[in-house]
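The values are calculated or read from the model by the stated rules, or taken from the named source; none is laboratory data. Owing to the predicted nature of the structure, the values given are computational and were not obtained by experimental measurement. Quick reminder, even Gly has a Cβ in these numbers, built from the backbone with ideal geometry, and neighbours come from all protein chains shown. Only protein heavy atoms, including side chains, enter the accessible area calculation; ligands, DNA and RNA are left aside. Shrake-Rupley method; radii C 1.70, N 1.55, O 1.52, S 1.80 Å.
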Protein chains: 2
Amino acid sequence: MSLSFIDIQAKDNNKVKHLRGLCEQVSYRKKQQQTVLEGVHLIEAYLRTGQPIEAFYLTRQALENPEVQQLLDQNIHAPLYVLTESLYQDVRTLGPGIDIMAIIPTPRSPADINRYSDMLVLENLQDPGNVGTLLRTAAAAGIKQVICSKGTAAIWSPRVLRAGMGAQFSLTIFEHIALETFIPALSLPVYATSSHAQQSLYQLNLQNPCVWLMGNEGQGVSETLMQHAEGIAIPQPGGQESLNVAIAGAICLFEMVRQRLA
Amino acid sequence: MSLSFIDIQAKDNNKVKHLRGLCEQVSYRKKQQQTVLEGVHLIEAYLRTGQPIEAFYLTRQALENPEVQQLLDQNIHAPLYVLTESLYQDVRTLGPGIDIMAIIPTPRSPADINRYSDMLVLENLQDPGNVGTLLRTAAAAGIKQVICSKGTAAIWSPRVLRAGMGAQFSLTIFEHIALETFIPALSLPVYATSSHAQQSLYQLNLQNPCVWLMGNEGQGVSETLMQHAEGIAIPQPGGQESLNVAIAGAICLFEMVRQRLA
């Protein structure tokens, strides 16, 4: 099959400016209602949802990659922009890999949160790697809903998408939620890890739906929200001060998985 | 108290070149037998080991920070180099934070591995964030020994140190170990997560010392080593393809913690 594509060499080309804007600026992504996926694996995960690609950007070298060719064969209607190597490297926001990016319409949140089903709630998590990793872990653990406060890293940013490895496409995610009104109104138990807590994670009964509240990397869960949560401790025989928030989340979610298997 | 320091403004100053070499080059760190700690928290964790600092580099703004002043008060013998803001930002390898770096002698591995005590073994783990996070998690779980293959990210690099949050200082770590001879000679059970495995993590009896083998981010544990390990699966009700290696490691290590508490 022969593919038709458009060669781009100029830095100030409008298509490149558009891509760069989406890669770098939250406000531009919001205005355009679009975002960028980078890498074959992530684009494939998105395509399995049946949603459309609006455009591909890649290098001439990537165009010769068999995995890329297979991907493009299935998406012959999306325009294909071939950038010079240096132009591509200049625009990309992520690490090395197969050089292909796709512009997609930003998926929309569904209208309603199911208040009686398991949830992961993120309060002001700022590191895109932590947020993406937590989404990937929640999806693996079978949690379907993720609720994010206003201060949490943007779920559809290229970095969070990369760390999530496609988890965004199998979860229902609600952003910009006012947790100070949302959390107190919940009837499910809300658990939050805390270094001051007495109750051990391993003493909880996690058979029934519950809410896992994870806080900011530096400050942890805010005092306001902690008043509406049960503080729990992850026993640490080695006596370290703290665990990375994505690690603490994974330990909690998979203790839930373990109990529900039994 | 008044501190005496040396102002540096020139990019080609020898002290700056030395710091830059340590930040950027594995070979230079090896030759100098020194490495760099960045941030107050990490420097404090190192100081609790009782080992010396060889030099501090910071900005004038950091010099006025109370936490930094307290740190420097305890270390009045190390030379203090004050860089201009732009020079410091140019040299630093890590994200934003309080602008202070310390040069230290690279800690040495002890001579002998205890072959009858728990171990975490890393085979060709390449991402500094994953390696540092696994060290931090192992330390919290009470594992004392970490064994690294030649292809694993350098434990004492600034990035791995940052992600480890001081865990390096409470572990005994052995680098550049030939795992293809080391692993087959072990008498303890060796566990490795594998997507092909039938045996569930939650069916293991983890009361006795064991070895956790974690593989490369892309390829997993090599076939050669897998022949000497028990493959184990982490049940994933959500059906994702894979978990991040640091997450998978944390779930395994804390299942061990849970069983030993009981």
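Per-residue ellipticity at 222 nm from helix content only, as computed over chain A with -39500 (n - 2.57) for each DSSP H run of at least four residues, stands at -9500 deg cm²/dmol. Just in the stretch B:6-61: which GluC sites (Glu not before Pro) are loop by DSSP and have at most 14 other Cβ atoms within 10 Å? Sites meeting the loop and neighbour criteria: B:Glu54. With all pairs of separate Cα atoms included, the stretch A:6-105 yields a Kirkwood hydrodynamic radius of 13.6 Å. Counting only DSSP beta bridges whose two residues both lie in the protein assembly as shown, roughly 30 percent are antiparallel. The alpha carbon radius of gyration of the protein assembly as shown, expressed as a multiple of 2.2 N^0.38 Å, is 1.02. Our note on the geometry: Cα centres of the stretch A:57-93 and the stretch B:68-100, 43 Å apart. Taking a straight Cα-Cα cut-off under 26 Å and skipping sequence neighbours fewer than 8 places away in the same chain, the lysines within cross-link reach of B:Lys144 are B:Lys30. Per the rotation superposing chains A and B, the chain A residue found at the smallest beta carbon distance from the axis is A:Ala250, 3, distance in Å. The coefficient of translational diffusion for the stretch A:131-199, derived via Stokes-Einstein from the alpha carbon Kirkwood radius under 4 °C and 1.567 mPa s, stands at 98 µm²/s. Label-to-label distances for B:Pro189 across copies, nearest first, come out at 2.9 nm, using points 7 Å from Cα in the beta-carbon direction. Based on the convex hull around the alpha carbon atoms, chain A presents an average projected area of 15.9 nm². Sorted from shortest to longest, the distances between the B:Gln126 label points of this copy and the other copies are 3.0 nm, with each point 7 Å from Cα along the line through the beta carbon. Shown for B:Gly239: label points 7 Å from Cα along the beta-carbon vector, and their distances to the equivalent points in the other copies, 4.7 nm in ascending order. Taking R0 as 25 Å, what's the FRET efficiency between B:Asn114 and B:Ala233 from their Cβ-Cβ distance, rounded to 0.05? For R0 = 25 Å, the calculated efficiency reads 0.30. Working note: Cα atoms of the stretch B:119-261, range along each principal axis, descending, whole Å: 38, 31, 30.
Here A:Lys31 is the anchor, and the lysines within straight C-alpha reach of less than 21 Å, apart from those fewer than 8 places off in the same chain, are A:Lys15, A:Lys17, A:Lys150. Counting charges near A:Tyr57 (Lys, Arg +1; Asp, Glu -1) among other residues having Cβ under 13 Å from its Cβ returns a value of -1.
Averaged over its residues, the protein assembly as shown has an accessible area of 46 Å² per residue, based on protein heavy atoms and a 1.4 Å probe.
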